[in-house]
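Structure, as structure tokens:
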Amino acid sequence: MKTYNEIKEYIEQLEIIDVHEHLIKDELRIQKYQDYMSLVFSNYVNTNAISAGISQEEIAVIQGNCDIAEKNHIYRKACENIQNTTSYRCMDMAFRHFYGMGVLDSDFRELNDRYCAANKSGFTYQTLKQMKVKWAVNDVFDISMQNTDYEMDKRIFKNSARCDKYIMIHEYLSEVEKEHCVKIESLEELCSVIKKYICMQKNVYHAAALKIAVAYYRSLYFEPVKKEIAEKIFQKIISLRKKGQKVSLDEACPLCDYIVHYIIAAAGGMHLPIQIHTGLQDRNVNYLHHSHPLLLNNLFERYPDVTFILFHTGYPYGREAGILAKMFPNVYVDFSWVHAISSIYAIELMKEYFEVIPANKFCGFGGDFCNVEGAFGHLRLAKENLSLAIADLVERGWYSAFYGMHLAKQILYDNPKQIYGI
């Protein structure tokens, strides 16, 4: 216990770099989460509740703007079977810290008053500073909110630029055209727009990385595709659009593959790392095997000068993700979201990573929440997990306490600073 306390005390005072968040401007936050119940169910708590049998309609009521008295019965029912989960614990820990009450407190009106009093402009920034976050790499995944990334507080946020709508162009062609004020009628023109987007992210918005999260929709195996095949599919998209029709995902896949390879090559030329969602998807019905990190092996070999970051340790495929980072000098792995999924998994995997892969190959924390309360609770768990993992290795005599502290700083600050060029 003495070793744990010594390590924990050191970790608590560290500045950190948070490698992955989904935070929006406070102005949008105030509009979107007008009461604490809608905020609690804005992230992983709601997917756990759906897993427990709560309906989408009931979730919609909790996330809506009706009076909290009308929501209370459904809210309490939704929380009933998920209090054991780590994502729930993250929210509950944060609420007890900020509002002096747990998320399931019986005096829900008092809790809501305290929440509303704090839910003001500046709350997100002040909370991140309280967390000792030096920089946060932020990805606003909701396409309707994409532009808020560019307006986030530059004192603390770095943008992670989503590429999904370009990869899934068969679904988002009209939106991409509207965003760039251009008509796209050939693959060459599409590639030009993508290059413009990446250049804008790098040179105007100073993005820290590009993000690929299409494992929510399809396999992470991206086959090399000839340009003429991709062009033929793109022309079919143009032709069918005139008839008010779309190509299927299966038909579009070779074009998607071509675009992924194009984006990676372009990112490499601009020295932008590529973040890739691997492992568990934050949805209740999906194909987990689509997101296996081993599907990316061909990309790592084909693009040795591009930096790839495997998000979420590929949970539950953490060993495979770690071995990819061991095999390839250009592959890194991170613990964003992981501590909020399972502390036991996180602790054991960190100990294994310290044994197996070089210490510069992984990052220790990314909040990966849509609200800063969740990120706060997640960081508390992450620091506890890291302290337990390192203390165990020190007590076994494998590392000195001094070196254990060095490893903590390395994965919480030094590694992300180097990987993202911050």
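Below, the figures for the structure above:
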| read-out | value |
| --- | --- |
| Test: residue in the stretch 353-370 that is closer than 24 Å to residue 134 by Cα, over 16 Å from the mean Cα position of the chain (by Cα) and acidic (Asp, Glu) | no |
| Matching residues in the stretch 141-181 - criterion: being over 16 Å from residue 200 (Cα atoms), modelled with pLDDT of 90 or more and part of a loop (DSSP other than H, G, I, E, B) | 155, 156, 168 |
| Any hit, the stretch 114-124, residues being crowded, with 16+ Cβ neighbours inside 10 Å, hydroxyl-bearing (Ser, Thr, Tyr), modelled with pLDDT of 95 or more and within 30 Å of residue 271 (Cβ to Cβ) | yes |
| Which numbered condition residue 370 misses (of (1) at pLDDT 95 or above; (2) farther than 25 Å from residue 270 by Cβ) | (1) |
| Pairs where the first residue, in the stretch 65-85, is over 18 Å from residue 111 (Cα atoms) and the second is in a helix (DSSP H, G or I) and not small (Gly, Ala, Ser), C-beta under 6 Å, 6+ apart | 82/48; 82/88; 85/48 |
| Unmet requirement for residue 397, which otherwise passes all of (1) touching a Lys or Arg at 6+ places or on another chain (Cβ under 9 Å); (2) outside any helix (DSSP H, G or I) | (1) |
| Scan of the stretch 311-360 for residues that are touching a Cys at 6+ places or on another chain (Cβ under 9 Å) and either aliphatic (A, V, I, L, M) or more than 20 Å from residue 289 (Cα to Cα) (or both), ordered by number | 332, 333, 339, 340 |
| Index of the failed condition, residue 290 passing every other in (1) crowded, with 22+ Cβ neighbours inside 10 Å; (2) in contact with a Ser or Thr (Cβ under 7 Å, 6 or more places away or on another chain) | (1) |
| Residue 248 being closer than 23 Å to residue 161 by Cβ and surrounded by fewer than 19 Cβ atoms within 10 Å (Cβ to Cβ) | no |
| Residues being part of a helix (DSSP H, G or I) and aliphatic (A, V, I, L, M) - total across the stretch 1-33 | 4 |
| Flag if residue 189 is in a helix (DSSP H, G or I) and more than 18 Å from the chain's Cα centre (by Cα) | yes |
| Qualifying positions in the stretch 390-407 - of a type in the set (Gly, Ala, Ser) and buried (at least 24 other Cβ atoms within 10 Å of the Cβ) | 404 |
| Selection from the stretch 214-232 of residues that are farther than 21 Å from residue 164 by Cβ and part of a loop (DSSP other than H, G, I, E, B) | 226 |
| Residue that is part of a loop (DSSP other than H, G, I, E, B) and farther than 16 Å from residue 170 by Cα, where the choices are 205, 197 | 205 |
| Selected residue [farther than 19 Å from residue 333 by Cβ and in the same structural domain as residue 191 (by TED's automatic domain parsing)] from 282, 257 | 257 |
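Conditions tested, residue by residue: (1) of a type in the set (A, V, I, L, M); (2) at pLDDT below 95; (3) in contact with a Leu (Cβ under 9 Å, 6 or more places away or on another chain).
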| position | (1), (2), (3) |
| --- | --- |
| 343 | no, no, yes |
| 361 | no, no, no |
| 366 | no, no, no |
| 381 | yes, no, no |
| 419 | yes, no, no |
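Yes/no per residue for (1) buried (at least 20 other Cβ atoms within 10 Å of the Cβ); (2) in contact with a Ser or Thr (Cβ under 8 Å, 6 or more places away or on another chain); (3) over 17 Å from residue 342 (Cα atoms):
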{"site": "63", "(1), (2), (3)": "no, yes, yes"}
{"site": "83", "(1), (2), (3)": "no, no, no"}
{"site": "99", "(1), (2), (3)": "yes, no, yes"}
{"site": "106", "(1), (2), (3)": "no, no, yes"}
{"site": "111", "(1), (2), (3)": "yes, no, yes"}
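The values are calculated or read from the model by the stated rules, or taken from the named source; none is laboratory data. Being a predicted model, the structure only gives us computed values, none of them experimental. FYI the Cβ positions are ideal-geometry reconstructions off the backbone, even for glycines, and counts take in every protein chain you see.
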